[in-house]
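A.B. asks: The structure is given below, and queries will be raised subsequently.
Computed from the coordinates by the stated procedures, all read-outs in this text should not be read as laboratory data. Keep in mind that what you see is a predicted model, and the values were worked out from it rather than measured. Glycine gets a Cβ as well: all are built from the backbone with ideal geometry, and neighbour counts include every protein chain shown.
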Ligand code: ADP
């Protein structure tokens, strides 16, 4: 099972990604988590991307693609994976196509969690109070939403044209959304 989960910041991708991954027995790979872990551990990569994440911008395709390629080459991805937060640009879609072609695999589904902008901004502001993520201030949230609509939202059309897109309403209780996703993927 090779899956992608798409959706705006605050759509609940991370939460749903771990549940779906567990359901299918595959690893959930979040590029955001990988970057945050590197920042926390003060690695060279962490130093490179710290300011970008804090400002809500996208890390370069070059860096991001290299990280994903490395991660997908690890043993636990042999039976499949769920990508959360990648691809985010059309260039990343192409890079992923290349990685999959090289390994002889292909995507099964691309799940898009749809949630209104107002709902996600509200959720992100609440998360800011709880988790204190540096990219959860109102100004940075607005920037992330704008970049999402410009750079990432077009990816749903690309995957729809390929017949891979499955749209699921991400509004509502976490369990209800998980239920919708698992039945949509069944
Ligand atoms: P969210 O889905 O809430 O925006 P993520 O945890 O997925 O948060 O990502 C946090 C940040 O990490 C992004 O705002 C961006 O700076 C960086 N990032 C994550 N994935 C990518 C990617 N595929 N391409 C470029 N930057 C990325």
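A.B. asks: Can you tell me how segment 50-99 classifies by the Cα gyration tensor, rounded, prolate or oblate, using a/c under 1.5 as the rounded cut?
C.D. replies: Since a/c reaches 1.5 and a/b is larger than b/c, the shape of segment 50-99 is classed as prolate.
A.B. asks: From the C-alpha coordinates alone, can you work out the Kirkwood hydrodynamic radius of the chain, in Å?
C.D. replies: Kirkwood hydrodynamic radius for the chain: 16.8 Å.
A.B. asks: Compare the peptides 147-155, 4-12 by average per-residue count of other Cβ atoms within 10 angstrom and give them in order, highest first.
C.D. replies: 4-12, 147-155
A.B. asks: Report the paramagnetic label zone for residue 126: residues of segment 9-29 whose backbone N is under 13 Å from a point 7 Å from Cα along the Cα-to-Cβ axis.
C.D. replies: Answer for segment 9-29: 10-12.
A.B. asks: Hey, another quick one. In nm, to one decimal, how far is the modelled label at residue 149 from the one at residue 116, with both set 7 Å along Cα→Cβ?
C.D. replies: 1.5 nm
A.B. asks: Something else now. How high is the relative contact order of segment 1-46, in percent, counting Cα pairs under 8 Å that sit 6 or more residues apart?
C.D. replies: 22 percent
A.B. asks: Based only on Cα atoms, what mean projected area does the convex hull of segment 1-71 have, in nm²?
C.D. replies: For segment 1-71, averaging the hull's shadow over all directions gives 5.2 nm².
A.B. asks: A follow-up question, please. Length gain on complete extension for the stretch residue 183 to residue 75, per 0.36 nm per residue less the alpha carbon to alpha carbon distance?
C.D. replies: Extending this stretch completely gives an extra 36.1 nm.
A.B. asks: Against the empirical 2.2 N^0.38 Å scaling, what ratio does the C-alpha Rg of segment 46-134 come to?
C.D. replies: My calculation over the Cα atoms of segment 46-134 gives 1.29.
A.B. asks: For residue 108 and residue 60, calculate 0.36 nm times their separation in residues minus their Cα-Cα distance, and state this gained length in nm to one decimal.
C.D. replies: Between residue 108 and residue 60, full extension yields an extra 14.7 nm.
A.B. asks: So if each residue of separation counts as 0.36 nm, and I subtract the Cα-Cα distance between residue 133 and residue 94, what length gain in nm does that give?
C.D. replies: Answer, rounded to one decimal: 11.0 nm.
A.B. asks: Which shape class applies to segment 100-186: rounded if a/c is under 1.5, otherwise prolate when a/b exceeds b/c and oblate if not, where a ≥ b ≥ c are the square roots of the Cα gyration tensor eigenvalues?
C.D. replies: In terms of gyration-tensor shape, prolate.
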